[in-house]
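Structure, as C-alpha cells:
The values are calculated or read from the model by the stated rules, or taken from the named source; none is laboratory data. In this text, all values refer to a predicted model and were calculated from it rather than measured experimentally. Using ideal geometry, Cβ is built from the backbone for each residue, glycine included, and neighbour counts are taken over all protein chains shown. Accessible surface areas use protein heavy atoms only, side chains included; no ligands, DNA or RNA. Shrake-Rupley method; radii C 1.70, N 1.55, O 1.52, S 1.80 Å.
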Amino acid sequence: MGTSEANRFRVTVDDLRRAVDADVRRNWSDRQWMRWLEASAMLRGQSFRNVVLIKLQLPDAVWVEGRQGWQRRGRRVVRGASGIRIVAPTADFDRHAGPVQGHGVATVWDVSQTDGAQIVRSSLGPVVSVRPRNVFAGLAQVAAAAGYSVEQGSLSADMRGGGTDRRRRRIVVPGEFDDPVVALRLAHELAHLRMHKLSRDSGCHGLVRLEAASVAYTLLARFGVVPGGVSTDLIPSVSGMVGRSPAARLVETLGGRVVAVAGRLIDAAERHIPTSEMRLDRAGSKSIDLDAETRQPDLGL
Ligand SMILES: [Zn+2]
C-alpha cells in the first residue's frame, strides 16, 4: 500500500476527516450533492468519504488505483506525481487495530497520473455510455432475480405515486423502454426494495424518496444516460431535507447509504448488459489521454 508515502507527508486519518468536514461545510448544495453522486458513479468501489476526498484533491479524477493496482494493469505512476490520500479500506485498517494516527491512510493515483500499457476496459474503469433500453433490460433482470415482474402501464392510485406493488410482486413503469426516465423510474423502485420497508401507510416521500432518487441518479450517471442532461429536478432538494449547513457526519451517512446501494445495483445490472453495448463515453476517453499533463492533487490542508 502507499502508507509509507502517506507517512512521508504526515497526513493522518484525522487530517482527512477534517478535510471532508471543511469541504462539506464550504461547498454543501443540492448541485454539489449531485456532483458527488456522479463522481461515485465513476470512482467505483470507493466509499462516499473517499469520493469527497478524491474530488477535493483532484477534481478531474475518474479512475484511481494504488501503485500496485496500476502495476497489475501494466501501467506505472509517472515520476513526481504525488498521490491522492484516502482512508484505507476497512480490511487494511483492521490490521492496525488501535490508534489510527498515522495509520489508515492509503495513497492512490488517477489514471491521468500514470503511463504504460493501453487501458483495458474494466468495470472499475471510467464511466460507460449505454443505451437506455439496455439499462432498462439489465435492471428488469435484477428485478426478476428479486422475484418481481416489470410491466409497462399507468400507475394505480393505491401505489401512492410509486410503481411497486409488493403484494403482487410487480413493478409498473410508465412510458417507452427507450426513454431514460423509465430506466430512472425502475432504478428508483429497485432502490426502495433494497433500502426501505414501505408499508401501506408510508409512501415515497421525505428521506426515503431522497435516497431512492439519489441511488437512481447515481446508477444512470454510471451508464451515461441521465435524462435530459443534468437537472436538479431529478432529485428532491437534499438541502431542503437535511438543512443548509448539515453536520458532515450526516452527509457522510446519507452518502454512504446511497453509494453502497447504488454500487450493488450497478454491479447487478452490469452483469446483464452485454459488453458490446458498453463503450467509453467522450469524457472517459479524454480523461485517459496519455499525453495529458500530469495532474497534481491538492488536499488544501
Ligand atoms: Zn419512491
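Data overview
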read-out	value
Single match in 138, 116, 153 (criterion: at pLDDT 70 or above, surrounded by 22 or more Cβ atoms within 10 Å (Cβ to Cβ) and small (Gly, Ala, Ser))	138
Residue count for the stretch 241-255, restricted to those that are touching a residue at least 24 places away in the same chain (Cβ under 8 Å) and open to solvent by 30 Å² or more (accessible area, probe 1.4 Å)	4
Selection from the stretch 173-189 of residues that are open to solvent by 10 Å² or more (accessible area, probe 1.4 Å), at pLDDT 85 or above and not acidic (Asp, Glu)	180, 181, 184, 185, 188
Test: residue in the stretch 198-208 that is under 13 Å from the mean Cα position of the chain (by Cα), within 14 Å of the ligand (Cβ to nearest atom) and modelled with pLDDT of 90 or more	no
